[in-house]
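Nothing in this text is a laboratory measurement; each read-out follows from the coordinates by a stated rule. Treat the numbers as computed from the prediction; the structure is a model and nothing was measured. Virtual Cβ from ideal backbone geometry, glycine too; neighbours counted across all protein chains shown.
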Amino acid sequence: NAGVTQTPKFRILKIGQSMTLQCTQDMNHNYMYWYRQDPGMGLKLIYYSVGAGITDKGEVPNGYNVSRSTTEDFPLRLELAAPSQTSVYFCASSPLQRSQYTDTQYFGPGTRLTVL
Amino acid sequence: DQQVKQNSPSLSVQEGRISILNCDYTNSMFDYFLWYKKYPAEGPTFLISISSIKDKNEDGRFTVFLNKSAKHLSLHIVPSQPGDSAVYFCAASVGATNKLIFGTGTLLAVQP
């Protein structure tokens, strides 16, 4: 299993450009997530999905959009890039909820995005 | 409003000694706590967790302690090894929401 894969690894965007960050998992996990990590800060949840066709906002959703048409893929779309979106983006997945507690999340290697 | 706080940005210990990483939280609704380890240019990897009904959980060299009255948890690594050098994130969640709130991380350096 490759686990959670993300492309691209690095990207530089100009202000106002748009792009899609790709995320794929091969573990048949129901839940998928997008986080961003700013320098010196913890990870913050942008959007998450509990299954194909179902998405919801996290802590910092403004400026982003997501879709979940398959179990495996969860792309993150930036429509009008701004310097404030310069960050490292991590995708994660977790299996179907089995207990009363949060399940372990498995992270991809991240995409480092710079907006100039 | 930082609900999960790691007040030590960095920690340096000698190989073979104990590493203690601390984490404080403010939301009394949190009932599950996790520690993730992160190497440069990689995603975080799960290390150990504890539910609020316990005060201690061990896994090999790693032990997590939870003090609910103080809203404090700590990760003990004994003995520390150079390969443990990484950033350690504390995270917390409420129920089965699967929404994690992360601390800012502590960079651990284990000196040979």
| For the stretch A:3-116, which strands (runs of 3 or more DSSP E) that fit wholly inside it have 1 or more residues that are within 26 Å of residue B:107 (Cβ to Cβ) and either among the polar types (S, T, N, Q) or in contact with a helix residue (DSSP H, G or I) (Cβ under 8 Å, 6 or more places away or on another chain) (or both)? | A:4-7, A:31-37, A:87-94, A:111-115
| query | Given the structure, is residue A:4 surrounded by 15 or more Cβ atoms within 10 Å (Cβ to Cβ), of a type in the set (A, V, I, L, M), within 21 Å of residue B:34 (Cα to Cα) and in contact with a His (Cβ under 9 Å, 6 or more places away or on another chain)? | reply | yes
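Condition check ((1) closer than 14 Å to residue B:18 by Cβ; (2) without any contact (Cβ under 8 Å) to a residue 24 or more places away in the chain; (3) within 13 Å of the chain's Cα centre (by Cα); (4) surrounded by fewer than 18 Cβ atoms within 10 Å (Cβ to Cβ)) across all residues:
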position: B:77; (1), (2), (3), (4): yes, no, yes, no
position: B:80; (1), (2), (3), (4): yes, no, no, no
position: B:92; (1), (2), (3), (4): no, no, yes, no
position: B:110; (1), (2), (3), (4): yes, no, no, no
| Those residues of the stretch A:39-57 which are over 20 Å from residue A:12 (Cβ atoms), surrounded by fewer than 18 Cβ atoms within 10 Å (Cβ to Cβ), within 14 Å of chain B (Cβ to nearest Cβ) and of a type outside the set (Lys, Arg), in sequence order | A:40, A:41, A:50, A:51, A:54, A:56
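In the stretch B:66-93, which residues are of a type in the set (A, V, I, L, M), assigned to a loop (DSSP other than H, G, I, E, B) and either facing chain A (nearest Cβ under 8 Å) or touching a Ser or Thr at 6+ places or on another chain (Cβ under 8 Å) (or both)?
To start, the set of residues in the stretch B:66-93 that are of a type in the set (A, V, I, L, M) comprises B:66, B:70, B:73, B:75, B:77-78, B:86-87, B:91-92.
Those still in the list that are assigned to a loop (DSSP other than H, G, I, E, B) too: B:70, B:78.
Once the filter is applied, which keeps residues that are of a type in the set (A, V, I, L, M), assigned to a loop (DSSP other than H, G, I, E, B) and either facing chain A (nearest Cβ under 8 Å) or touching a Ser or Thr at 6+ places or on another chain (Cβ under 8 Å) (or both), the stretch B:66-93 yields only B:78.
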| request: Could you tell me which of the residues A:20, A:71, A:24 is crowded, with 16+ Cβ neighbours inside 10 Å, among the polar types (S, T, N, Q) and farther than 16 Å from residue B:43 by Cα? | output: A:71
